[in-house]
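The values are calculated or read from the model by the stated rules, or taken from the named source; none is laboratory data. Nothing here was measured: the structure is a model prediction, and the numbers come from that model. Here the Cβ is made from the backbone with ideal geometry for all residues, glycine too, and neighbour counts use every protein chain on show. Please note that ligands, DNA and RNA were not included when accessible areas were found on the heavy atoms of the full protein model with its side chains. Shrake-Rupley method; radii C 1.70, N 1.55, O 1.52, S 1.80 Å.
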Amino acid sequence: MRKILMIAMLVFACSALRAQEVVTGLYSNRQVRPQPTARNTGQLRLYSQSATPQAASILELPFVDDFAENNPWPDTGLWESKGIFVNTNYGIHAPTIGVATFDAQDGKGHIYKYTGQSPGSADTLASRAINLQGKAGVVLSFFYQPGGIGDLPESNDSLKLEFFSANGNRWEPVWMASANERDDSVNENYRLSGDSVSYKNDTINTKFRYVALAVDEPDFLHGGFRFRFVNLTSMAYSPVPGRESNCDHWHIDFVYLNDNRAVTDSLLPDVAICEPQPSPAKAYSSVPANHLNSIEAQQQLFGEFLHFTLTYQNFGWSTNNITRRFAITPLAGSDSYPEEYPGGSENIFTGQKFVRNYQFDLYDFSATGDSAAFEIKSYLITDNNPSPLRTALRHNDTTRYIQQFYNYYSYDDGTAENGYGLFGTGTANGKVAVRFTPYQTDSLRAINMYFNLARDSANAKSFRVVVWADNNGLPGKVLSNPKVLSPTFSDGLNQFTTYKLPEAIEIKRGQPFYIGWEQLSETFLNIGYDANSAPGSVTFYHINNTWYPSLYTGALMLRPVFGKASGIPADAVPLTPDAVQPATQNVTVFPNPARDVVNIRYETESEGSVIPAACRIDLFDMSGRFVRTVTTTNGSFSVLGLENGLYMLRISGNNQTKTTRTILVQR
């Protein structure tokens, strides 16, 4: 199985040591978790792989799904599913603007617990019961792609299609595909006919292939016909903690079942948008709303004009005259008026694919407050045919992007396709920095960071959040570098963790600065990596006293937060500067592990071990959560009532600044 680890090895002269800049797949996909919040009230639906359909109405032909609805789960009116992720990110040049992705993650966004080095069933996408009684010329067609921007499966990690047979009440395998990266081939096996087909080229993970199968066996032509896709997946062992990740991606699109069709006819009755609407912003994906209230700032972000690109294709057998339209609508935080833009119209012939670029006068994205949101929409006006087939395909006539401005700068689109980090000998004090240049002088208050959850929380290690000044295009003077005990992982949909800086830092307009981290071990931290955004040469990493430009073109999910202190969320993780102790004093904490009482002593060169006259101790657990504050005048304090585990002590007193120590409470 080929992992998408894409490791860049840096071989240093005069040394056999190696350090790695690593991009890997996701162990956990938080986009598919149920979110019982106001922002997402959808419920996660898990269905068994049983062939017995749930009580539901029988569907009539045509059956069609192009996965173009804006929902991470399949349409439950058409499908019963397990682990399927509907998205616009993972497929490369999909026929329409959405795909259903199969991988090694379950319906909660976690790697299947039974995934091992031998292939096993993973995700399932099964149709509801469909009436094929008395039908003729029934054909099922679909497009599929191995890999995409995900992991290319190996030859034993396959995608299967099965039909439900009324004779014997069982699933019959009818088609299977496997990919082989060693010779860049895709192999298809048609079980009913015994035919095999092999495609060989170096673009197997970037091309969607069309498959059509006749449904003409008497066992299938009944009133409760069903079909299902199942993928087989396996995971190779990885010696890198935090790097075992999602794998073996398959993507399908435009599933179409109807009668009076021919297997040899590859035409489909639709004109569809093929690429999702991107952000029209160029320099950043988002900026603070109050940094965008000047024409100059808006031109820096968008350019002098507003640009749209619309890609669409005629899959059908007739010439269509297509009208193109674009629209911007303020959703919140702006007094600007909605705007419509004409895109003209023209004929598109059978099989043609158009890529049309448009330039319009710059829209006013000014905000009235601290946040704003706008809908950016591209759409096609095709026909007014009210047939069930055309109605079902209307979703792919429109593509939308919600452009949000709040209090941060960002390069990413909010979705992590992969994870990024440093690993290997020499990375114990490795640093990663991302450059930003603000449009307005303001106070830097916090850093938003997105961490992917690794198997067994292997990336839950200490690190420093760092802010650097610019030094001739590279990170220079350290402006802030507080220590964080462990990454914070959220179950929320694309939820960042906000780390509040100890002190606000004034950043001048047009003054480059850098945010990032310094790791304190050789552990792969697994920061969110947006593979669909390409911000340019803004990311750097530091090993062996040298800064290097990153070899990867995607966007790290780090965001500098500006503005008022009141704009920092209440659940932000507060950071404090490290203690600075006089050179003549050290702090000893004992016993360690502790059962009931902990003693504190200051070790001095002149007086030896000294009991502090008075000191304050703040206790935090290893997630960074504040536990309690105690004071002592005799150098001892009780830990009774604390659960077993590691705690950080922040000690102040005896004319000392704050000192950090760690104890283990164990009984």
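Are there trypsin sites (Lys or Arg not before Pro) in the range 141-244 that DSSP marks as loop and that have at most 10 other Cβ atoms within 10 Å, and which are they?
Here the trypsin sites (Lys or Arg not before Pro) that fit, given the DSSP loop and packing criteria, are ARG182.
Which net charge results for the neighbourhood of ALA212, defined as the other residues with beta-carbon distances under 9 angstrom from its beta-carbon, given Lys and Arg at +1 and Asp and Glu at -1?
In short, 0.
Using Cα centres only, tell me the gap between the range 380-411 and the range 530-569 in whole Å.
Here the answer is 30 Å between Cα centres.
Under a 1.4 angstrom probe, counting protein chains only, how are THR633, THR576, THR323 ranked by accessible area, largest first?
Greatest to least solvent exposure: THR633, THR576, THR323.
Excluding ligands and nucleic acids, what accessible area in Å² is computed for ILE507 using a 1.4 Å probe, to the nearest 10?
Here the residue's solvent-accessible area equals roughly 0 Å².
Are there trypsin sites (Lys or Arg not before Pro) in the range 356-417 that DSSP puts in a loop and that have at most 11 other Cβ atoms within 10 Å, and which ones?
Counting only loop positions with at most 11 other Cβ atoms within 10 Å, none of the trypsin sites (Lys or Arg not before Pro) in the range 356-417 qualifies.
For LYS108, give me every one of the lysines with a C-alpha distance below 26 angstrom, ignoring sequence neighbours fewer than eight places off in its own chain.
Reachable lysines: LYS3, LYS82, LYS160, LYS461.
Mind giving me the nanometre distance, one decimal, between the label points for LYS564 and SER121, set 7 Å out from Cα along Cα→Cβ?
Each label point lies 7 Å from its Cα, and together they span 5.7 nm.
Take each of the peptides 520-527, 95-102, 444-451, average the number of other beta-carbon atoms within 10 Å over its residues, and list them starting from the highest.
The peptides rank, most packed first, as 95-102, 444-451, 520-527.
Restricting attention to the range 305-367, which chymotrypsin sites (Phe, Trp or Tyr not before Pro) occupy a DSSP loop and are surrounded by at most 15 other Cβ atoms within 10 Å?
TRP317, PHE349
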